[in-house]
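Reading through the C-alpha cells given below for one structure.
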Amino acid sequence: MEDLNEQKKSNKKTIIIIVVVVLLSIAAAVGGTLFFLGGVPGMGGESQAAVPTGPQITPSNSVYYSIEPAFVINFNAGKKQRFMQVYVSVKAQNESAIAQVEKHAPLIRNNLNQLFAKQDFESLQSPEGKEEMRQAATQALQDVLAKYGSGETIDQVLFTNLVMQ
C-alpha cells in the first residue's frame, strides 16, 4: 500500500516537473526571440525619439459601397458568345455621396449596363482596356450625381472582381 502511495506521489512529481520544464522552455524561447529581434518596443531604459522615418501615412476617410448584384454582360465576339461579370464598388470621401449613389442606384445600374455593353470584348483583354472602362464608369457615375445628386461626387469606381470568358 505504501508503495502505491509513493508511486502516485512520484507520478505527480514527474508531471509537475515536466510541466515546469515545458513552461521554462517556452519562456526561454520567447525571451530569446525578443532578445535577438531587438526587444519589445517601448520597453527598456533607452528613450524612444519621435523621429519619423519613411513616408507618413494619414488615415483615410474613404467610404466604400458595393453595387449589388454583379453586372453580367453578353458579347458577340466573332461567332462566339462571350460573357463578362463585373463586381463594382464605389469609393467616396463621405457618407452623403454614398447615400446619393444608393438613391440613384437604378439609373446608375442602367447607365453602367449600357456602358459595359458598348465595350469591345477584345480590347478588354488588356489591362489598359479594363482601366479605360473603369475610368468611363467613374465618369458615368459622376455625371449622374452631377445631374441628379446634391453636388456630391465620388472618387472612383473600383472593379472588385472581373471575370471574362
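Residues in segment 44-62 include none that are surrounded by 12 or more Cβ atoms within 10 Å (Cβ to Cβ) and either at pLDDT 85 or above or under 20 Å from VAL157 (Cβ atoms) (or both). Can you name the residue in segment 73-107 that is touching a helix residue (DSSP H, G or I) at 6+ places or on another chain (Cβ under 9 Å) and over 14 Å from GLU152 (Cα atoms) and, of all such residues, is modelled with the lowest pLDDT? Once the filter is applied, the top-ranked residue is PHE75. Do we have any residue at all in segment 126-136 that's free of Cβ contacts under 8 Å to residues at least 60 places away in the same chain, crowded, with 16+ Cβ neighbours inside 10 Å and among the polar types (S, T, N, Q)? Within segment 126-136 (the criterion being free of Cβ contacts under 8 Å to residues at least 60 places away in the same chain, crowded, with 16+ Cβ neighbours inside 10 Å and among the polar types (S, T, N, Q)), the answer is no, since none of the residues qualifies.
The values are calculated or read from the model by the stated rules, or taken from the named source; none is laboratory data. Please read these numbers as outputs of a predicted model, since none were measured by experiment. Cβ coordinates were reconstructed from backbone atoms using ideal geometry, including for glycine residues, and neighbour counts include every protein chain displayed.
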